[in-house]
Amino acid sequence: MSVRGVFDELKDKLRDVVPEAELRIKAELADAILRLKRERNAVILGHNYMEPALFHSVPDYTGDSLELCRAAARTSAETIVFCGVRFMAETAKILNPAKTVLIPSPDAGCSLAASIDAGDVRELKRRFPGVPVVVYINTYADVKAEADYCCTSGNAVDVVRSIESDTVIFVPDEYLAANVAGEVGMRLCRTPAEVDRPASDGRRTLIGWPGRCEVHDRFRVQDVESARRQFPDVLVLAHPECRPEVIEAADFAGSTSAMIRRVRDTDAASYLLLTECSMGDNIIAENPQKKLVRICSVRCPHMNEITLEQTLATLEKKRYEIDVPEPIRTRAARSIERMLTVA
Ligand code: 13P
Ligand code: SF4
């Protein structure tokens, strides 16, 4: 394809979202990336939170953490360029260790992944011996290596349901833990004293950890209420990293891809997305006839690190290679593979 061809495709998809003047610059970058990608036998994976011009031009696969995890595991390309944050690129390396995995920015972190380390999980296992450990995919490899199961927003409920134990450790997102506990009928405890107190109603116990997503933590029930007043028939979709009371107030909760599908497959008067705001642009691009109510002050600063400029530099310089030490990788792979078998 030529720069002109890339520009025409982007204009077709993004005419209501990105000004043409900007699309011209982005098309040049995307065209250079597409050429280098072929030369280097690379595959590009793009998370749903990527900015619209990147999302709609260079990735071979787009999706949520679970879908990209599966795509990373089965690719035969020599190099995987992961347009997402570091824990996602690490997961690709864990599942497909023979490949070179590159991330466009070394600074693409995640507040949830930063909230817990391997020592914290070892300490939880010491305090609660024999209790199975589930870690959210938004964690680094050494944390996954300490776990029995990994999970994503798309399968956390199924993974916890599959475990036959009265008590389960679930880290690090305290809101996701509360939302999963609510869904499967467990009680959420945060301290050993709470765990020691038997549940009066016989419910099983989920032991949480005080990690939060700095983006989803910002949404409040008042945001939902005021949107409903202003746009009476609005359908409110929330990511399960939101506070439990926000999930309760919303009409639907699901992974980023589940939210995308819900907009595509329904016909509401308007939609409010309680998640990272670039995804709203990508949804508008694919559903131009639908009305999205935007809360656009909420952009993930880590996902924002990944740009077309950085992606081009990554391919040119083969830089920011992900390395996971083999003993950690094999243990982390076990928890991810167990998740893939359950879900
Ligand atoms: P998904 O797995 O739903 O794409 O979520 C990833 C994430 O980081 C959400 O903030
Ligand atoms: Fe992490 Fe939240 Fe950003 Fe997702 S949106 S990558 S959970 S900080």
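All of the numbers you see were taken from the coordinates with simple rules; none came from a lab. Predicted model, so just to flag it, every value in this text is computed and none were measured. Neighbour counts are summed over all protein chains in view; Cβ atoms, including those assigned to glycine, are modelled from backbone coordinates with ideal geometry.
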Q. How far is it, in nm, from the label point at M1 to the one at E245 when both lie 7 Å from their Cα along the line to the Cβ?
A. 4.6
Q. With the Cα gyration tensor of segment 277-318 giving a ≥ b ≥ c as the square roots of its eigenvalues, does the rule (a/c under 1.5 for rounded; else a/b larger than b/c for prolate; else oblate) give rounded, prolate or oblate?
A. oblate
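For segment 16-89, what mean projected area does the convex hull of the alpha carbons give, in nm²?
For segment 16-89, the mean projected area of the Cα convex hull comes to 5.1 nm².
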**Q.** R0 of 45 Å, Cβ-Cβ distance D201-E225: FRET efficiency to nearest 0.05
**A.** 0.90
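First check a/c for segment 107-216, with a ≥ b ≥ c the square roots of the eigenvalues of its C-alpha gyration tensor; if it is under 1.5, answer rounded, and if not, answer prolate when a/b is larger than b/c or oblate otherwise.
Details: a/c = 1.67, a/b = 1.41, b/c = 1.18.
In terms of gyration-tensor shape, prolate.
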Q. Cα-Cα over 32 Å: which of K26/K144; K37/K144; K13/K318; K11/K317?
A. K26/K144
Q. Distances over 38 Å make up what percent of all Cα-Cα pairs in the chain?
A. 17
Q.
For segment 47-110 and segment 192-230, what is the centre-to-centre distance using only Cα atoms, to the nearest Å?
A. 30
Q) Ranked highest first by average number of other Cβ atoms within 10 Å, how do 278-288, 165-175 line up? A) 165-175, 278-288
Q. What translational diffusion coefficient, in µm²/s and rounded to a whole number, does the Stokes-Einstein relation yield for segment 168-239 at 10 °C and a viscosity of 1.306 mPa s, taking the hydrodynamic radius as the Kirkwood radius over Cα pairs?
A. 113
(Q) If you take every residue apart from I163 with its C-beta less than 11 Å away from the C-beta of I163, what net charge results, scoring Lys and Arg +1 and Asp and Glu -1? (A) -1
Q. Which value, in Å to one decimal place, does the Kirkwood hydrodynamic radius take for segment 218-343 when every pair of different Cα atoms is included?
A. 17.2
